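Since the structure comes first, as structure tokens, the remarks are kept for the end.
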Amino acid sequence: MSGLALDHVFKRFGNLTVLRDVNLTVAPGEFVVFVGPSGCGKSTLLRMIAGLETISDGELQIGGARMNDVPAAQRGIAMVFQSYALYPHMNVYRNMAFALETARMPKAEIDARVRRAAAVLQLDHLLTRKPKELSGGQRQRVAIGRAIVRDPDIFLFDEPLSNLDAELRVQMRLEIAELHRRLGNTMIYVTHDQVEAMTLADKIVVLRAGQVEQIGSPLELYNTPANQFVAGFIGSPKMNMLRPSSTHFEDGELRLELGDLRLLLGRRGGAEAPAALGIRPEHLRVGSGTLKLGEISVQQVEHLGSASLVHGRLPDKQNLVVQLEGQQRIGIGDCLPVFLEPANCHLFREDGAALPRPAQPALEGTAYAH
Amino acid sequence: MLASLARPALAGARPRQPARRRWHGLAGYLFLLPWLIGFFGLTLGPAVASLILSFTHFDLITDPRWAGLANYRRIAFIDTKFWASLHVTFTYVLLSVPLKLAFALGVAMVLNKGMRGLTVYRAIFYLPSLLGGSVAIAVLWREIFSGSGLLNRLLALVGLHGPSWIADPDTAIYTLVVLGVWQFGSPMIIFLAGLRQIPQDLYEAASLDGASRRRQFFRITLPLLTPIIFFNAIVQVIDAFKAFTPAFIISDGGGGPINATLFYTLYLYQEAFGNFRMGYASALAWILVLIIGTFTAISFLSARYWVHYDE
């Protein structure tokens, strides 16, 4: 089992820089997920680790050894492709055995490995089938099996579940998590689906436009997003971003006003005026709570069964989504008072970077007091 | 009882076909007509006529006389020239088709690498296929491979004295094979399209699996191209069996030297239009149909063992 390190890695195609100064350390056995919107460079980064793309600048190390110029096959990695890339003219057995045959492994050893992997992935009864005779989920399993038989140090997954339907995706997600638990190998997984990222990862790398926005555990990213982009990308439904009606200093204190909300953000010199206040829909309450944000008029209600998503509008025309537990009897046009906990507020600068959250911003009524 | 109850309702419900609908049908047949005339008048009709004629003696001047199986018996047991032409034709088919396909695939793979000016190269390589069957190119070929031709003049520059390639019975057929291979453009274009169909990620997966270029070619490219190879092989074999123009020009219609370029079709032509034995030539033609048919049938039967269809 090996770890991996990326040190000031760049990728350029001609004049176009698609990855910029990526630094990352992956510990042995860690499950790391690269997540980001389409075109953010996450797949390119994975392919650079695999050896399918050259590294324009910087260094890639696997198990402590520089890998920039090592051929893909000698990096100790195996990759599961988005399209599965199964050889269509070979049956399941041959697909899984191909790499081992290429390495001229003894036949008995090949057979043992293929059958062991097939048993793990419940493919035993499908070994003589061709890929076209398999369902999407089965093809996915063969692609994973092809990676397992090689016993690699590092598994790479390039959006492996994106071609599956929703139900199968959830099932395969659990299977991949179970596989990681059982094998314990280092795994790097690319997805644009933040739910996959949150559920699978030990560590998430959020990418945007070729740059790393934040690296951290799923809960770190959820609780303390480094910027507005990460805050919006991680968590579903998305975090509400609200513009304060004013931020000003009064009596040496930085005050934020937004609807009915009054927050004290610290003393002059110690605080910076935020351009946006973020609050997750699941952190808002209706009817009672610590601080009142304001009244929303309900525009739309989505009933999920276990929860209700209320889309409303504040008096200053800003949109707000509130997630309420259970099945709420709320009609369009209703007016609802919305409350929040100061500790759940995220503050962002004009450029999007997160500001340190005051531990306990004071509240109106108990009046700006510390 | 049930039937008799049901019938009147059905009969009553059956509408008369509106006039417009009938005109629509007529228009369809009118559009088909040129093809129908061509097929029955120029293909099926003559084919059936030639089958009947193959059982007759017919010299174009007097009426055909029924000959039974005499023509076929003569072909099988007496006519040595038939066997000579068959030998030449099989040699040509067995040499030119594999060489042409290999050459076409090789060029297609080079072009598939993605190079600057690809469309120009593609057009240039395809050009011989357009010109190759023409009389002009066959004349040119004769000039290149004759005793004082271009090839020998080039060889003379390096001090070699070449024979007259087309006058030497040992080499004449090979000049025709080279001419055949030179017309690799059309299978090349089809191979190029086939290569484009192979997903790039299969090669990426194979390179991760440690497969060398050579192994990737034999284990991925070649198996996935088998439907294309199959198609090209059938078309090219039929074409090669029917080859006529180059041999006719190079040997001045004689199939010489010493029958070395006596293609089957050339012999057939000599019998029909040289000796005016139309019945005999028809029998020869039908034997060629049988040979091509047999070959094609065997190819299709064998396909299931070596041709991989993805869907």
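General remarks:
- Given +1 at the Cβ of Lys and Arg, -1 at the Cβ of Asp and Glu and no other charges, the dipole of segment A:107-155 around its Cα centre is 220 debye to the nearest 20.
- Mean separation of Cα pairs under 8 Å and 6 or more residues apart, divided by the residue count, gives segment A:4-223 a relative contact order of 30 percent.
- For segment A:198-246, the ratio of Cα radius of gyration to the globular rule of thumb 2.2 N^0.38 Å stands at 1.21.
- Projected label distance in nm at B:F300 and B:V48, using a 7 Å step from Cα toward the beta-carbon: 2.2
- Compactness index (Cα Rg / 2.2 N^0.38 Å), segment A:4-223: 1.01
- Note: segment B:35-144, Cα convex hull, 215 Å³ per residue.
- Other protein chain C-beta atoms within 10 Å of residue C-beta, averaged over A:99-106: 3.
- Cα gyration tensor shape of segment B:79-306, rounded if a/c is under 1.5, else prolate or oblate by comparing a/b with b/c: oblate
- Looking at segment A:240-355, the accessible area is 48 square angstrom per residue; that uses a 1.4 Å probe and ignores ligands, DNA and RNA.
- Debye log10 I(q)/I(0) at q = 0.14, 0.16 Å⁻¹ for segment A:38-118, Cα point scatterers: -0.63, -0.78
- D_trans [Stokes-Einstein, Kirkwood Rh over alpha-carbon pairs] for the protein assembly as shown, 20 °C, 1.002 mPa s, µm² s⁻¹: 65
- Size check on segment B:72-194: the Cα extents along the three principal axes, sorted descending, read 58, 43, 23 Å.
- Computed over chain A: relative contact order in percent, which uses C-alpha pairs under 8 Å that are six or more apart: 15
- Over the C-alpha trace of segment A:240-355, radius of gyration and Dmax come out as 15.0, 48 angstrom.
- Positive-end extreme of charge dipole, chain A - chosen from A:T54, A:T199, A:V32 (charges on Cβ): A:T54
- Applying the Kirkwood pairwise sum to the alpha-carbon positions of segment B:165-251 produces a hydrodynamic radius of 15.5 angstrom.
- Taking the empirical scaling 2.2 N^0.38 Å for compact globular proteins as reference, segment A:69-179 has a Cα radius of gyration ratio of 1.02.
- Label-reachable residues, segment A:175-202, where backbone N falls under 20 Å from a point 7 Å from A:M1's Cα toward its Cβ: A:175-190, A:199-202
- Quarter the surface of the alpha carbon convex hull of segment B:41-99 and you get the mean projected area, 6.1 square nanometres.
- Model label points for A:S245 and B:D63, set 7 angstrom from Cα along the Cα-to-Cβ axis, are 11.5 nm apart.
- Dipole moment magnitude, nearest 20 debye, segment B:79-306 about Cα centre, only Lys, Arg, Asp, Glu C-beta charged: 580
- Taking both sides together, the accessible area buried where B meets A is about 1800 Å² for a 1.4 Å probe.
- For segment A:1-70, the calculated P(r), taken from all Cα-Cα distances in 5 Å bins from zero up to the bin holding the longest distance, is 4, 16, 28, 29, 15, 6, 1, 0 percent.
- Entry comment: accessible area of segment B:170-297 is 39 Å² per residue, from protein heavy atoms only and a probe of 1.4 Å.
- Taking the 1.4 Å solvent-accessible surface of the protein assembly as shown as the whole, the part contributed by carbon and sulfur is 59%.
- Column: log10 I(q)/I(0), Debye, Cα scatterers of chain A, q = 0.09 Å⁻¹: -0.64
- Put a plus charge on the Cβ of each Lys and Arg, a minus charge on the Cβ of each Asp and Glu, and nothing anywhere else: the dipole of chain A about its Cα centre is then about 1140 debye.
The values are calculated or read from the model by the stated rules, or taken from the named source; none is laboratory data. Only a predicted model underlies this, so the values are computations on that prediction, with no experimental measurement involved. Counting neighbours? That spans all protein chains shown, and the Cβs are built from the backbone with ideal geometry, glycine included. Accessible surface is based on the protein model in full, side chains and every heavy atom, while ligands, DNA and RNA are left aside. Shrake-Rupley method; radii C 1.70, N 1.55, O 1.52, S 1.80 Å.
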